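The next block holds one structure in the form of structure tokens; read it before the comments.
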Amino acid sequence: QVQLVESGGGLVQAGGSLRLSCALSGRTFNYYAMAWFRQAPGKEREFVAAISRTGGNTYYADAVKGRFTISRDNAKNSVYLQMNSLKPEDTAVYYCAATVRSSDYYYRRTYDYWGQGTQVTVSS
């Protein structure tokens, strides 16, 4: 049984930074490509970033490109999202997700496992 646990959310002023972490347990971490999605109030859950099993390939939504960086540490069974230059529109619950697939990373349906989410609030 795969479990994903996110941490690192919080309240930050616009222009600030946060680093989210997600730990995977229950299976071998490097079997999975990993991603971050987010969901703002009243909106659908949307893709933020993804990283391949080895970390050699990363993918970003246009809205966060150049500000956010996804990374992983296979020795620590963890994936990270470094968020810089935060904007009020980045306010959302951020979810970690895992998939055994090697394509279609932008789509929610690709992912087999989800974390419970962590709240990020950016004040103006």
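The values are calculated or read from the model by the stated rules, or taken from the named source; none is laboratory data. Note that this is a predicted model, so its numbers are computed, not measured. Cβ placement follows ideal geometry from the backbone for every residue including glycine, while neighbour counts extend to all protein chains displayed. Side chains are part of the model used for accessible areas, which takes the heavy atoms of the whole protein and leaves out ligands, DNA and RNA. Shrake-Rupley method; radii C 1.70, N 1.55, O 1.52, S 1.80 Å.
Residue check: residue 96 meets all listed conditions (1) assigned to a loop (DSSP other than H, G, I, E, B); (2) open to solvent by less than 60 Å² (accessible area, probe 1.4 Å) but one, namely (1). Would you mention how many residues in the stretch 3-25 are surrounded by fewer than 16 Cβ atoms within 10 Å (Cβ to Cβ) and not in a strand (DSSP E or B)? Here the count works out to 4.
Here residue 89 meets the list (1) touching a residue at least 60 places away in the same chain (Cβ under 8 Å); (2) open to solvent by 30 Å² or more (accessible area, probe 1.4 Å); (3) not in a loop (DSSP other than H, G, I, E, B) almost entirely, failing just condition (1). Looking at this structure, is residue 80 closer than 18 Å to residue 17 by Cβ, open to solvent by less than 60 Å² (accessible area, probe 1.4 Å) and in contact with an Asp or Glu (Cβ under 8 Å, 6 or more places away or on another chain)? When the stated conditions are applied, residue 80 passes them. Considered as a group, the residues in the stretch 26-55 that are under 18 Å from residue 95 (Cα atoms) and among the polar types (S, T, N, Q) include one that is surrounded by the most Cβ atoms within 10 Å (Cβ to Cβ), and that residue is 52. Taking every residue in the stretch 47-75 that is under 15 Å from residue 30 (Cβ atoms) and pairing it with any residue that is of a type in the set (D, E, K, R) and buried (at least 16 other Cβ atoms within 10 Å of the Cβ), at least 6 positions away or on another chain, the pairs with Cβ-Cβ distances below 8 Å are 51/72; 55/72.
In the condition set (1) within 11 Å of the chain's Cα centre (by Cα); (2) open to solvent by less than 80 Å² (accessible area, probe 1.4 Å); (3) within 22 Å of residue 109 (Cβ to Cβ), residue 58 is compliant with all but (1). Considering (1) outside any strand (DSSP E or B); (2) under 17 Å from residue 3 (Cα atoms), the lone condition that residue 42 does not fulfil carries the number (2). Note on the stretch 1-47: residues that are out of contact with any Asp or Glu (no Cβ under 9 Å at 6 or more places or on another chain), within 21 Å of residue 113 (Cβ to Cβ) and aliphatic (A, V, I, L, M) total 6.
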